[in-house]
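First up is the structure itself, then whatever we jot down about it.
Please treat every number below as a calculation from the coordinates, not as lab data. Remember, predicted model here, so these are calculated numbers, not experimental data. Every residue, glycine as well, gets a Cβ built from its backbone with ideal geometry; the counts of neighbours run over all protein chains shown.
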Amino acid sequence: MIFSEALAADSLPIQGSEIAARWDHLYLFLFWLSVFFFVLVVGGMIYFAIKFRHQKKHQPTYITHNHLLELIWSVIPTIILMVIFVWGYSVYHAMITPPDDAYEVRVIGKQWFWQFQYDDGRMTVDKVFVPVNKPVKFIMSSEDVVHSFFVPNFRVKQDVVPGMYTSVWFEATVPGRHQIYCAEYCGTRHSLMLADLYVLEPEQWIAWKAGKKLTGISEAGGGNPPSSGGDLVDQGRKVTTVKGCVACHSDDGSPKVGPTYKGLFGAKVELTNGSTVIADENYIRESIENPQAKIVKGFGPVMPSFKGLINEEEMNAVIAYIKSVK
Ligand SMILES: [Cu+2]
């Protein structure tokens, strides 16, 4: 199959995802609502200016107020604003809440390209492959400065910030190539920080996962073959061996100098200061880069910082590994 260019048919980019259609409905509602009130207000202004223009010897009646009119111009806008709020919130909520079974891809923003890490250990640069009609979650970080991951066809945009994880999720509905932009000025080659998002049909997705070449994509194989380091979880496990984490942490439930990774991800962790925290990507990242920030209850503040000693790719792999230890 030749990859179709997913291009706009009218003024807005095509609706390449579920959420894109929902945003557009809201946007068009706001647009036509604005048109309606523009015509009403400006039209009324012109009409009244002509109808009630200054006339000699005409004494207008003195009006102080009109309860009915005041009620109408308060109640109707209130209802309209409530509708906009509820509608906007419901789309926003859907946009920021990925389903639990979303397929995860790690994204790293770098001056000036995008890099993608998959669960099977593969890595691609400036192009990413996702299945059609399946929820996909991008877990994103930056190696240097603030970037912003933007797919106009999907109507999703999210800052990509050094030292922390942010995410976007979407369900792509249109197979083919979609354009990715960086939408945050990040240096001289910012405008060239582009990437291609390929939405694959089910059989193409199976082929790509099997490492087969996809016709229509210029670069051989459409991505590196699975690296010799194994899948992402294996790569992460290796990092914890090489960096010496294994001296203090186990993944079988037995505590060593530090707590075990088993069951950590998503769990509520009790800290020495009495508070609790959910162990998500950002908490684990902080535990590794800035271990003294939050000390796990029952353990001493003895873990050294690995800030600068683990790169973004390794960090993603370590977190994928910790996440897999259930
Ligand atoms: Cu950028």
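What net charge is computed for the residues neighbouring TRP23, neighbours being all others with C-beta under 12 Å from the C-beta of TRP23, Lys and Arg scored +1, Asp and Glu -1? The answer is +1.
Among PHE149, PHE265, PHE113, PHE36, a tally of other beta-carbon atoms within 10 Å of each Cβ gives an order, fewest to most, of PHE36, PHE113, PHE265, PHE149. State whether the range 1-111 is rounded, prolate or oblate according to the following rule on the C-alpha gyration tensor (a ≥ b ≥ c being the square roots of its eigenvalues): a/c under 1.5 gives rounded; otherwise a/b larger than b/c gives prolate, and the remaining case gives oblate. Prolate is the answer for the range 1-111, as a/c is 1.5 or above and a/b outweighs b/c. For the chain, DSSP calls about 70 percent of its internal beta bridges antiparallel.
Straight-line reach from LYS294: which aspartates and glutamates have Cα under 18 Å away, leaving out those fewer than 8 places along the same chain? In chain and number order, the partners are GLU270, ASP280, GLU281, GLU286. On a 29 Å Cα-Cα criterion, which of the cross-link pairs LYS243/LYS326; LYS297/LYS326; LYS213/LYS307 come out too long? Beyond 29 Å between Cα atoms: LYS213/LYS307. Taking 0.36 nm per residue of separation and subtracting the current Cα-Cα distance, fully stretching the chain between VAL125 and VAL242 would add 39.6 nm.
Loop-resident trypsin sites (Lys or Arg not before Pro) (DSSP state other than H, G, I, E or B) in the range 40-111 with no more than 15 further Cβ atoms inside 10 Å of their Cβ: ARG53, LYS56, LYS57. Cα centroids of the range 238-312 and the range 173-198: 34 Å apart. Taking 56 Å as R0, compute the FRET efficiency from the Cβ-Cβ separation of THR64 and HIS25 and round it to 0.05. My answer for the efficiency is 0.85. When each of LEU33, LEU71 is scored by the number of other beta-carbon atoms lying within 10 Å, the sequence from fewest to most is LEU71, LEU33.
Taking the C-alpha atoms only, the angle from helix 67-96 to the longest principal axis of the chain is near 20 degrees.
Restricting the calculation to alpha carbons of the range 49-91 gives Rg and Dmax of 18.5, 58 angstrom.
Dividing the helix sum by the residues of the chain, where each DSSP H run of 4 or more adds -39500 (n - 2.57), gives a mean residue ellipticity at 222 nm of -11000 deg cm²/dmol. State, as an integer percentage, the relative contact order of the chain based on alpha-carbon contacts under 8 Å between residues 6 or more apart. The value is 16 percent. Could you tell me how many degrees, from 0 to 90 and to the nearest 10, lie between the Cα long axis of helix 232-242 and the main elongation axis, the longest principal axis, of the Cα atoms of the chain? The angle comes out near 50 degrees.
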